[in-house]
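The values are calculated or read from the model by the stated rules, or taken from the named source; none is laboratory data. Given the structure is predicted, the values throughout are model-derived calculations rather than measurements. We place every Cβ from the backbone using ideal geometry, glycine too, and count neighbours over all the protein chains shown.
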Amino acid sequence: MNVIIVAGTPGAGKTAVLLHVLKHLKEQNKHISAVKIDCLYTEDHLRFQKEGVPTLLGLSKDMCPDHFTIFNLGEMLEYAQGNNSDILIVETAGLCHRCAPYTINSLGVCVIDATTGPNTPLKVGPFLSTANVVAITKGDIISQAEREIFRERVLEMNPGCRIIETNGLTGKGTVELAGCFSEASDFSYEEEELRHNAPFSICTLCVGETKIHKKNHRGVLRHINGIQEYAGE
C-alpha cells in the first residue's frame with residue numbers, strides 16, 4: 001500500500017486539492033481510502049465520501065493532531081487494508097506550524113497558500129522542509145513576481161522538493177499530483193519511523209521518540225475512536 005500524508009497551513013486548500021486528486025486516481029482504477037484528521041469539528045470527510053471514497057474521521061480534541069495521527073496510524077492502515085485499498089491518504093489538520101507528520105516511506109505532501117506572504121515558507125517548519133512534494137495554492141491571485149519569490153523561499157527551505165502549482169477550484173496541477181501519489185513507496189508499519197520528531201507535548205513522541213508502533217508510546221494519548229484514552233506505565 002502507498003501511504004500519502006498531506007499537511008499544510010490552515011485554509012490552504014488541502015481538501016479542495018485532494019478532491020480533484022481523488023477523481024484522477026479513481027480514473028486510474030486505484031482503490032483509495034482516506035482519513036481526515038481535525039481538531040474539534042469538520043465536515044470534510046463527507047466531501048470525500050461523496051466522491052465514493054471510504055473515509056475515516058479522527059478528531060484529536062485536546063491532543064496535538066500530529067501526535068494523534070502518528071499514534072493512530074496503525075488503525076488507519078487496518079481500515080485501508082479492510083477496504084482492499086492501494087492508496088491511503090491521510091489529511092492532517094494545520095495547527096501550530098510546527099507539524100512533522102511524515103514518515104520515511106510515506107509520500108509527504110505539503111499544501112501551502114501563496115497569499116500568506118513571501119516569508120511564510122521560512123516560518124512553517126518541518127512539514128515543509130521535509131516534504132517530498134510542495135503544492136502551492138492560490139498563486140492565481142498574486143503577481144508573477146510574488147509567485148517567483150514564494151517559490152524561491154520554498155526552495156530555500158527544501159531544495160530537494162518537487163513544487164507543483166495547484167488550484168483547488170480549477171484542479172490545475174492535480175493530475176501531476178495524482179501521479180506522485182501513484183508512484184509513492186511501499187509502506188511497512190512495523191519498521192516505519194518519522195522523518196523528524198513531532199512537536200513536544202506530554203508523551204513519548206514529545207521527547208523525541210520516532211518509532212510509530214504504539215507499543216513504544218507512553219503518556220497521555222487519545223485513540224482515534226474518541227472514546228478511550230491510553231496512558232502507559
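Does any residue of the range 137-159 turn out to be over 22 Å from Thr116 (Cα atoms), at pLDDT 90 or above and surrounded by fewer than 18 Cβ atoms within 10 Å (Cβ to Cβ)?
No, the range 137-159 contains no residue that is over 22 Å from Thr116 (Cα atoms), at pLDDT 90 or above and surrounded by fewer than 18 Cβ atoms within 10 Å (Cβ to Cβ).
So which residues in the range 14-39 are assigned to a loop (DSSP other than H, G, I, E, B) and under 19 Å from Met76 (Cα atoms)? Please lay out each step first, then the result.
If we filter the range 14-39 for residues that are assigned to a loop (DSSP other than H, G, I, E, B), which is where we start, we get 28-31, 39.
Hits for the range 14-39 are Lys30, His31, Cys39.
Which ones in the range 23-81 are closer than 21 Å to Glu183 by Cα, touching a strand residue (DSSP E or B) at 6+ places or on another chain (Cβ under 8 Å) and touching a residue at least 60 places away in the same chain (Cβ under 8 Å)?
Across the range 23-81, the qualifying residues are Leu25, Lys30, Leu73, Met76, Leu77, Ala80.
Just one of (1) within 23 Å of Lys211 (Cβ to Cβ); (2) among the aromatic types (Phe, Trp, Tyr); (3) crowded, with 20+ Cβ neighbours inside 10 Å trips up Phe48, so point out which.
Phe48 satisfies every listed condition except (1).
Which condition from (1) within 14 Å of the chain's Cα centre (by Cα); (2) among the hydrophobic types (A, V, I, L, M, F, W, C); (3) surrounded by fewer than 17 Cβ atoms within 10 Å (Cβ to Cβ) is the one that Ile87 breaks?
Only one criterion in (1) within 14 Å of the chain's Cα centre (by Cα); (2) among the hydrophobic types (A, V, I, L, M, F, W, C); (3) surrounded by fewer than 17 Cβ atoms within 10 Å (Cβ to Cβ) is unmet by Ile87, namely (3).
So which residues in the range 77-104 are over 14 Å from Lys14 (Cβ atoms) and of a type in the set (A, V, I, L, M)?
Matches in the range 77-104: Leu77, Ala80, Ile87, Leu88, Ala100, Ile104.
How many residues are more than 15 Å from Ile104 (Cβ to Cβ) and outside any loop (DSSP other than H, G, I, E, B) when one looks only at the range 206-223?
8
Of the residues Gly219, Gly168, which is in contact with a helix residue (DSSP H, G or I) (Cβ under 9 Å, 6 or more places away or on another chain) and at positive phi? Can you show your working first?
Working: Gly168 fails: at positive phi.
Among Gly219, Gly168, only Gly219 is in contact with a helix residue (DSSP H, G or I) (Cβ under 9 Å, 6 or more places away or on another chain) and at positive phi.
Does the range 61-70 include one or more residues that are out of contact with any Ser or Thr (no Cβ under 6 Å at 6 or more places or on another chain), among the aliphatic types (A, V, I, L, M) and either at pLDDT 95 or above or surrounded by fewer than 16 Cβ atoms within 10 Å (Cβ to Cβ) (or both)?
So far as the range 61-70 goes, no, none of its residues is out of contact with any Ser or Thr (no Cβ under 6 Å at 6 or more places or on another chain), among the aliphatic types (A, V, I, L, M) and either at pLDDT 95 or above or surrounded by fewer than 16 Cβ atoms within 10 Å (Cβ to Cβ) (or both).
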